[in-house]
1. Could you please let me know if residue 702 is over 27 Å from residue 607 (Cα atoms), open to solvent by 20 Å² or more (accessible area, probe 1.4 Å) and modelled with pLDDT of 85 or more?
2. (1) of a type outside the set (Phe, Trp, Tyr); (2) out of contact with any Gly (no Cβ under 8 Å at 6 or more places or on another chain); (3) at pLDDT 80 or above; (4) farther than 19 Å from residue 147 by Cβ: which one isn't true of residue 230, the others all being true?
3. May I ask you to say which residue of 418, 435 is aliphatic (A, V, I, L, M), crowded, with 16+ Cβ neighbours inside 10 Å, over 24 Å from residue 341 (Cα atoms) and out of contact with any Leu (no Cβ under 8 Å at 6 or more places or on another chain)?
4. Quick one: residue 33 ticks every box in (1) of a type in the set (Gly, Ala, Ser); (2) farther than 25 Å from residue 237 by Cα; (3) outside any loop (DSSP other than H, G, I, E, B) bar one, so which box is it?
5. Go over the candidates 725, 637, 713 one by one and state the one that is at pLDDT 90 or above and in contact with a His (Cβ under 8 Å, 6 or more places away or on another chain).
6. Give 570, 530 a once-over and let me know the one that is more than 16 Å from residue 499 (Cα to Cα) and open to solvent by 70 Å² or more (accessible area, probe 1.4 Å).
7. Only one residue in 55, 42, 59, 76 is touching a Phe, Trp or Tyr at 6+ places or on another chain (Cβ under 9 Å) and part of a helix (DSSP H, G or I). Which one?
Amino acid sequence: MKMKTKSVFIVLSILSAIGILVASFIFIDGVKSLLWDKSVTDILEVTEQGKHALDTFIDKDYDTLHLFASELSEVDSTDQASIQRILNIFDDDTTSFYCVNLDTGELYSDNMDISAADEERRQEFLEMKPSGIREPFYDGYTGVRSIGVYEQFTFADGTHGLVQKTRSVKSIRDHFTLSFYNNTGFSYIINLDGDVLIRSLHKNSNRTIQNLFDMINMEGNNEALSSEVKEQLSLKRSGAAQFFYKGENYIFTYVPMENGDDWYVVSIIPSQVVMKQANTIIDRTMRLCIFIMICLAVLGYFYHQNSAKHKKKIEKLAFYDQLTGLYRYEKFLIDGEARLSSGDMDIAVLYIDILGFKLLNDIEGYNYGDTVLKYMADVLRQISHSKDISCRISGDDFLLMIEYKKREDIPKLCQNIINQVESGFDQEKKFKVRIGICLVEDARETNINGIIDRAKMAQTRVKEDSSISYQFYNKTMREALLRDAQMEQSMMQALDNGEFIYMIQPKYSLDGTRILGGEALVRWQKPDGQFISPGEFIPLFERNGFIRQLDEYVFMKVCEDLHNRIQKKQKIVPISVNVSRVHLYSENFAERYNTIKNMYEIPDNLIELELTESILLENTKEIFGILEQLKKYGFLCSNDDFGSGYSSLNTLKDLPVDIVKLDKVFFDQSDHQDRKIVILKSMIDMAKQLYMKVVAEGIEEDEQLEMLKNTGCDMVQGFIYSKPCVIDDFYQHLEK
């Protein structure tokens, strides 16, 4: 009986062992198959991502080309100057723009003069489709292999034309690496016939092959493989196949592009690279098979319990802002792009920021600032509906994508946000927001990044002192973009041509009998006599950094004029010049200005550098150090616009300046004139005790001048005594 039981046990054990062994092989084979499928799917996804990135890149070229054609359609075909001006606006370092008159064959380019009519070229362009993308070709004008998008249009006078934007194949390759999977795989861009349009520079890629099917057939692969792939390409399908090349098996995946005439992205990778991970897992599986079977039930239980929790945790870390609980910017882009792809036009994006948030952090502390951000997030959650998307970009900037029924609903929604924010969680420390709005229907843009950029542009147009704290993106802003582009295009040439001049507004004694100083104010005078307002070009130059060169140019001109008058022993007074915040973040700013001052032999305390109040309060420790250095070099330093923002008697005592310029806000007429005069006298008295001189700027009326009597104010600057005048007139007044 025992022997029988033992035999049964042995048989069962053997059968169990065989069963485990068979199950193991089945399991291993299944793992291998699953990993293979997963790897192929991953490569397809990588190829799809590369295709999407390239399509998006080409779409942006189309968008720029559409705008280019739109601008040209508003001018006559004979208006060569306007055509060349538009070409110059769109010119950049990486692309070339061409415009062809299809009736005459004349060619216009951003890097050459207008070419003579060419009938052969005209016929070539006439045979092209109304719009599309050209396969790589050797550009006869740039001498490089290029890709170009083109479209036909009509000039304002009815003449047919064609525009083309080209960029080098190398620049495409530089933007899209065409290597992946830890640099073991590489990609080609091919057409329907298999011709290689753009090739990878990967060491394993064939750099001489001209056709993908030649590479497949040269190793004696099954002809059915080529036929099957060609059929899939003709049907514009994605797929994968395996072929033999250079002594080993390769996987290649293919994905059709949306742009181009039947273009495809093809990714190629050695099979052994794909299966390396699978083989490692199989080896470990065989050795640990018994242990895995014993622990399988336990692991399964824990996996079931923890997988959902772990997934939520990962998702929260990846897509949610840890402070506010709103989406992160990356998640907003993904979901926002999906909403736009649905084709729904009744969508608006709101760009929201908190006014004075940095100062709030500095005064109240970062914990209080975090509380403000959380409250802002709660407001957005409260006003949002189920389909709306909100996120915190960074700092105090927020985004909200909403769906609306009527255009009139948007201002109501914005006002609701503003009211909730201003009612606030802290009645003693209220804060405000400003909101930029971009409606998809107004944007001429279906890309989420473009919509956000336009919403931010609208947000920057909201003035801090405006009664309306929101602004829609509109046609005027688009025109401002073109206007800025024109000014940026011509600013360097204008500086070289001397189009930037400076005028001087005198600073008078209180009774108006003596000129005690002057302020240099830059103006842009075009060759045709037209003046461009400083309010138009100064903000642009501050954004693009050109203000540094312009400020230094004005400073040198002031020094040059003072030097000439000193040499002639003519009368002089201190002249102030403005300094932009850009200078304070550049190396050797103080040393550079001191070198120029010494070069023109300007005595100490004859040049005054004006810095606005907002600059002085921005980064006090670093900026105060620069001011001390400037004073050591013999410059006078003044605080311009004092009182326009957050200045107070308390901040006055800390400012290392020689002169305080009181903002015109002190002299505005109000119902509390007596109180204003008391404050004004206190401000001036304190400045005097700190050995500072006081200038009242923006004085235009007798009532304002009356307020300054018996205050001890040193100088008055304003229209009541003089407008800014040309240099000769200023010094003539000074001589009198």
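The values are calculated or read from the model by the stated rules, or taken from the named source; none is laboratory data. Worth saying up front: this structure is predicted, and the values here are computed from it rather than measured. Reconstructed Cβ throughout: ideal geometry from the backbone, glycine too, with neighbour counts over all protein chains shown. In case anyone asks, the SASA skips ligands and DNA or RNA and just uses the protein heavy atoms, side chains included. Shrake-Rupley method; radii C 1.70, N 1.55, O 1.52, S 1.80 Å.
1. Against the criterion (over 27 Å from residue 607 (Cα atoms), open to solvent by 20 Å² or more (accessible area, probe 1.4 Å) and modelled with pLDDT of 85 or more), residue 702 qualifies.
2. Among (1) of a type outside the set (Phe, Trp, Tyr); (2) out of contact with any Gly (no Cβ under 8 Å at 6 or more places or on another chain); (3) at pLDDT 80 or above; (4) farther than 19 Å from residue 147 by Cβ, residue 230 violates only (2).
3. It is 418.
4. (2)
5. 725
6. 570
7. 42
Matching residues to (1) part of a helix (DSSP H, G or I); (2) touching a Leu at 6+ places or on another chain (Cβ under 6 Å); (3) modelled with pLDDT under 70:
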residue: 261; (1), (2), (3): no, no, no
residue: 267; (1), (2), (3): no, no, no
residue: 283; (1), (2), (3): yes, no, no
residue: 291; (1), (2), (3): yes, no, yes
residue: 296; (1), (2), (3): yes, no, yes
residue: 299; (1), (2), (3): yes, no, yes
residue: 302; (1), (2), (3): yes, no, yes
residue: 315; (1), (2), (3): yes, no, yes
